[in-house]
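The values are calculated or read from the model by the stated rules, or taken from the named source; none is laboratory data. Values in this document were obtained by computation on a predicted structure and should not be read as measured data. Don't worry about glycine lacking a Cβ; one is built from the backbone with ideal geometry, like all the others, and counts go over all protein chains shown.
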Amino acid sequence: MTFETLGLSPALLRALAENGFSAPTPIQAQASPLALAGNDLLGGAQTGTGKTAAFGLPLLQRLSKVTPAKGPRKPRALVLVPTRELAVQVADSLKTYGRHLHLNVTTIYGGAGMGPQVDNLRRGADILVATPGRLIDHMERGSAKLDAVEVLVLDEADRMLDMGFLPPIKRILARVPKERQTLLFSATFEPRIKALALEFMRNPQQVQVAANNTIAETIVHRVHPVDGARKRELLIQILSKRHTDQVLVFGKTKHGCNRLAEQLETAGLRAVAIHGNKSQAQRQKALNQFKAGKARVLVATDVAARGLDIPDLPLVINHDLPMVAEDYIHRIGRTGRAGAQGEALSLVSPEEGGLLNQIQRMLKVDLKMDLVDGFAPSRPIRLDAPIPKNGGGQRQGQRPARP
């Protein structure tokens, strides 16, 4: 199956091709046709299976069929997610897929100022990605109007229930039109999920795909503890010693990736960067330079690196830990392919101890910590440390009481 056979619009197909997505994942192949046909849907899928596109592409296709009204617009699609980091991730993906459509995507979540969110809602949004607690806050002040919602998505419903969001979810569901399409995605279909579906969905179709969070046994994992301010210095030392390897380095922000690539170049290491602010032509040029061996280091954000096909990559380095633990799997999956040996190196600062703990709990294994002479951090890495609001410099957020 291809994206063309799903019946997607040329604008969506163009965006997918530009971002290197060539074929649907299993959840997309199974769920998207049902959603495109207008069915309510129960989708069993974990993070990393491509579920955002599974609901995002049908959602964008449906909204694009109607020319948006002039002036401020009420949300016609609402995507509920459990955490702020997932809200940002889902919104970024929807913007990527819908880059050639005239649709506005807005996010609202806790831990950020209300003022800018109110302003964005006043300007109008076609798609609203929100965490339940903050959406309730906006509903109470009258800044979020849900009476025009045609498509409702509950993403990672099991996590939302685990976090105690059932009461706010029910309040929100009571405010959206009954005549709507509802898409619910969850890693499990436990009784409370099915009870929620029976209460608020109409004859939902059900699809389930196996978890994709598997790691090649040929990958060696290693953690280098280091102060955040000295990560770049340590990275340059590692790359200078391993001068024969091509390396994919994951950075935390678009601007940070650009700056890091420039600093590596200054240190005499051929490096290129890809991220969402670069045009498709610029990204393709950088990728071609890397694949041809003209650049040794490719510095990328998570979003820009999705869909990359880089064979025989011996080393992946996390300059910063990912926003969500599952993304560690996707990052290191670029190495150790087809039985080849691979290595995943993470530079971890004391502020990232909580993030490292999340990754280890997901992997069910302790990652080996190797101190590099001269780079011992000023304080030890504590796995029980709270996750800072900026995720140790990232857009990772500590789960607030009311996201």
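For segment 204-244, the set of residues classified as surrounded by 15 or more Cβ atoms within 10 Å (Cβ to Cβ) and at pLDDT below 75 consists of ASN212, ASN213, ILE215, ALA216, listed by residue number. Within the bounds of segment 337-346, is there any residue that is assigned to a helix (DSSP H, G or I), modelled with pLDDT of 90 or more, under 30 Å from ARG159 (Cα atoms) and of a type in the set (Gly, Ala, Ser)? For segment 337-346, residues assigned to a helix (DSSP H, G or I), modelled with pLDDT of 90 or more, under 30 Å from ARG159 (Cα atoms) and of a type in the set (Gly, Ala, Ser): absent.
Figure legend. Inter-residue proximity from segment 234-263: first residues more than 20 Å from GLY293 (Cβ to Cβ), second residues buried (at least 16 other Cβ atoms within 10 Å of the Cβ) and acidic (Asp, Glu), beta-carbon distance below 8 Å, spacing 6+ or different chains. Indicated pairs: PHE250/ASP302; PHE250/ASP320; GLY251/ASP320; LYS252/ASP320; GLY256/ASP320. Of the helices (runs of 4 or more DSSP H) contained entirely in segment 22-98, not one carries at least 3 residues that are basic (Lys, Arg), modelled with pLDDT under 95 and farther than 30 Å from THR253 by Cα. Quick check: anything in segment 35-43 among the polar types (S, T, N, Q) and under 28 Å from ALA281 (Cα atoms)? The answer is no; no qualifying residue exists.
Only one of the listed residues (LEU269, LEU248, LEU235) is within 20 Å of LEU347 (Cβ to Cβ), in the same structural domain as PRO350 (by TED's automatic domain parsing) and in a helix (DSSP H, G or I). That residue is LEU235. Pairs linking a residue in segment 188-205 that is closer than 19 Å to LEU173 by Cα to a residue that is among the hydroxyl-bearing types (Ser, Thr, Tyr), with Cβ atoms under 7 Å and 6 or more positions apart or on different chains, are ILE193/SER186; PHE200/THR182; MET201/THR182. Within segment 145-163, the set of residues being crowded, with 18+ Cβ neighbours inside 10 Å and at pLDDT 95 or above comprises LEU146, VAL149, VAL151, LEU152, VAL153, LEU154.
Just so you know, in segment 19-47 the residues that are surrounded by fewer than 17 Cβ atoms within 10 Å (Cβ to Cβ) and in contact (Cβ under 8 Å) with a residue 40 or more places away in the chain include one that is farthest from VAL209 (Cα to Cα), and it is GLY20.
Count, please, the residues in segment 170-195 that happen to be outside any loop (DSSP other than H, G, I, E, B) and hydroxyl-bearing (Ser, Thr, Tyr). Here the count works out to 2. Being modelled with pLDDT under 85, surrounded by fewer than 17 Cβ atoms within 10 Å (Cβ to Cβ) and of a type in the set (Val, Ile, Thr) is a condition met by at least one residue of segment 304-312.
All conditions but one from (1) farther than 28 Å from GLU326 by Cβ; (2) outside any loop (DSSP other than H, G, I, E, B); (3) touching a His at 6+ places or on another chain (Cβ under 8 Å) apply to GLN117; the one that does not is (1).
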